[in-house]
Amino acid sequence: MAFFQNHPFLLLSLLLLSLPLCHSSASIHDLLKSMGLPPGLFPKEVKSYNFSGSGLLQVYLDRPCLTKFDTMALYDIELRANLTHGSLTGVEGLSQEELFLWLPVKDIIVNDPSSGLILIDIGVAHKQLSLSLFEDPPDCTTKVCTALLNSTDLFNVVGCMRSWLLNNWKVLS
């Protein structure tokens with residue numbers, strides 16, 4: 001304790017690093033860029049986010065939204081992941097449509113930015129996509145179920161219902 005009395009700035013720095021950071025002035029897209037990831041991984045419609053000193057990233061949207069990269073992507077109201085330089089691991093709240101099924105995205109990794117590739121782990125497969133798909137934050141439709149229910153694809157409708165149930169389960173129970 002005497003050490004910290006002689007070095008109060010160090011104690012203050014340690015305390016600040018242990019607190020979750022709530023970013024209001026810097027955007028989530030700026031944070032991603034500073035961590036070696038493309039800014040377009042999250043849509044423009046991000047309401048807020050928290051990034052803790054332990055690496056936990058929580059991203060909040062007003063409602064689920066749907067966008068398209070190489071295939072359709074569905075963002076839940078809250079997304080969570082561990083953010084380190086070049087990777088989002090343990091992703092929760094993001095699904096991608098593959099072969100008519102909605103599969104949860106597990107990890108997003110940029111091993112070598114000069115390769116121009118990003119790795120998307122959807123559990124059953126790993127996809128390598130061009131980083132250029134994620135250069136700009138995408139527009140996202142928040143009328144997810146409307147967009148999906150207007151589809152004739154039964155799997156899209158089931159995916160929409162799954163997302164709605166997951167986001168409203170606490171209200172229903």
Report the residue count in region 1-35 for those that are at pLDDT 55 or above, closer than 23 Å to SER87 by Cβ and loosely packed, with under 14 Cβ neighbours inside 10 Å. 4
In region 80-121, anything under 14 Å from the mean Cα position of the chain (by Cα), part of a loop (DSSP other than H, G, I, E, B) and surrounded by fewer than 17 Cβ atoms within 10 Å (Cβ to Cβ) is listed as GLY86
For LYS47: the one exception among (1) in contact with a strand residue (DSSP E or B) (Cβ under 7 Å, 6 or more places away or on another chain); (2) closer than 15 Å to PRO137 by Cβ; (3) open to solvent by less than 50 Å² (accessible area, probe 1.4 Å): (3)
Residue ID - farthest from GLU92 (Cα to Cα), chosen from residues in region 25-66 that are in contact with a Ser or Thr (Cβ under 9 Å, 6 or more places away or on another chain) and part of a helix (DSSP H, G or I): PRO39
Residues (buried (at least 22 other Cβ atoms within 10 Å of the Cβ) and of a type outside the set (A, V, I, L, M)) located in region 63-74: PRO64, CYS65
Please tell me if VAL124 is β-branched (Val, Ile, Thr) and either open to solvent by 50 Å² or more (accessible area, probe 1.4 Å) or more than 14 Å from the chain's Cα centre (by Cα) (or both). yes
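Can we say ILE77 is at pLDDT 90 or above, open to solvent by less than 20 Å² (accessible area, probe 1.4 Å) and β-branched (Val, Ile, Thr)?
Working: at pLDDT 90 or above: yes; open to solvent by less than 20 Å² (accessible area, probe 1.4 Å): no; β-branched (Val, Ile, Thr): yes.
No; evaluated as a whole, the condition is false for this residue.
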Odd one out for TYR60, checked against (1) modelled with pLDDT under 95; (2) open to solvent by 30 Å² or more (accessible area, probe 1.4 Å); (3) more than 19 Å from ALA125 (Cα to Cα): (1)
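The values are calculated or read from the model by the stated rules, or taken from the named source; none is laboratory data. On a predicted model such as this, the values are computed, not experimentally measured, just so you know. When we count neighbours, we look across all protein chains shown, and the Cβ atoms used for this are built from the backbone with ideal geometry, even at glycine. Ligands, DNA and RNA are stripped out before the accessible areas are found, and what is left, the full protein with its side chains, is counted by its heavy atoms. Shrake-Rupley method; radii C 1.70, N 1.55, O 1.52, S 1.80 Å.
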